[in-house]
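Below is one structure; the comments refer to it alone.
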Amino acid sequence: MLCLSNVLSIKRILFNDSNSAADRRVLFFAYLAIPIQFLWIYMEWYGMFIIFIPIYMFLFLPIIMVLIGKTSGFLKSIGSIHWGMMLMVFGLSHLAYFLAVPGAGGAAMIVFVVVLTQLNDVSQFLFGKAFGKRKIVPAVSPNKTWAGFLGGVFVTTGLALLLFPLLTPYTWPFALFAGLIISIFGFIGDVNVSALKRDLGVKDSGQALPGHGGILDRIDSLTYTAPLVFHFTSYFYF
């Protein structure tokens with residue numbers, strides 16, 4: 001809930017009249033989608049879990065905006081809500097679904113994804129600080145370097161090979177590939193949120209973690225790694 005709140009607080013910057021009743025009514029249904037999405041996980045109803053937000057909420061929220069007459073800034077408003085829900089509800093909810101799938105590794109797989117994603121961020125920072133010269137995406141995130149990116153790939157893939165017997169159902173080739181997914185797409189998730197903040201003209205995504213840029217800045221990489229590792233694992237192991 002706090003994670004989506006962080007994204008929706010950014011979304012309000014896109015509204016000209018963010019305190020209007022219309023906005024609050026739309027946000028009510030966006031927040032309501034969170035417990036419903038996790039209800040599908042509790043019920044182990046994968047079919048509804050996988051389509052509820054990208055299809056039903058995608059179609060439903062614009063109807064609410066039209067019915068309440070929210071037409072000013074319609075596309076920007078509904079687009080920001082949809083994007084926030086896809087990242088912070090749909091994407092991250094894949095972590096919880098590991099608990100609902102027999103043979104998926106349960107909590108151990110969640111630890112594997114979260115720990116490797118966070119250590120990938122740390123490795124990229126440290127390698128970039130120590131060896132980084134060439135910028136990789138200077139227009140989006142000036143501190144990201146090729147040295148940091150490649151260092152993160154090396155460390156994260158190595159840790160995946162080290163930890164997979166303890167935490168995953170993988171064989172070593174699949175652990176290697178999972179490490180590559182987490183390191184590469186963790187970087188993409190990070191710069192994706194950096195692009196979002198740059199577009200909005202904000203430095204931090206919230207104040208819940210002072211000095212760390214906000215909660216979203218700590219889990220931005222997971223918005224990509226969680227669903228991708230889940231579906232990679234489900235395709236080969238479930």
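The values are calculated or read from the model by the stated rules, or taken from the named source; none is laboratory data. Only a predicted model underlies this, so the values are computations on that prediction, with no experimental measurement involved. Here the Cβ is made from the backbone with ideal geometry for all residues, glycine too, and neighbour counts use every protein chain on show.
Points worth noting:
Each row is one residue, and each column tells you yes or no for (1) modelled with pLDDT of 95 or more; (2) outside any helix (DSSP H, G or I); (3) farther than 22 Å from Val193 by Cα; (4) outside the structural domain of Ser234 (by TED's automatic domain parsing).
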position	(1), (2), (3), (4)
Val113	yes, no, no, no
Leu116	yes, no, no, no
Asn120	yes, no, no, no
Val137	no, yes, no, no
Val140	no, yes, no, no
Phe149	yes, no, no, no
Phe154	yes, no, yes, no
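- Within the stretch 97-151, tally of residues that are more than 21 Å from the chain's Cα centre (by Cα), surrounded by 21 or more Cβ atoms within 10 Å (Cβ to Cβ) and among the hydrophobic types (A, V, I, L, M, F, W, C): 1
- Residues in the stretch 167-202 that are of a type in the set (S, T, N, Q) and assigned to a helix (DSSP H, G or I): 3 in all.
- Of the residues making up the stretch 133-190, those that are within 21 Å of Phe238 (Cα to Cα) and among the β-branched types (Val, Ile, Thr) are Thr168, Thr171, Ile181, Ile182.
- Test: residue in the stretch 136-146 that is among the charged types (D, E, K, R) and either touching a helix residue (DSSP H, G or I) at 6+ places or on another chain (Cβ under 6 Å) or closer than 14 Å to Val191 by Cα (or both): yes
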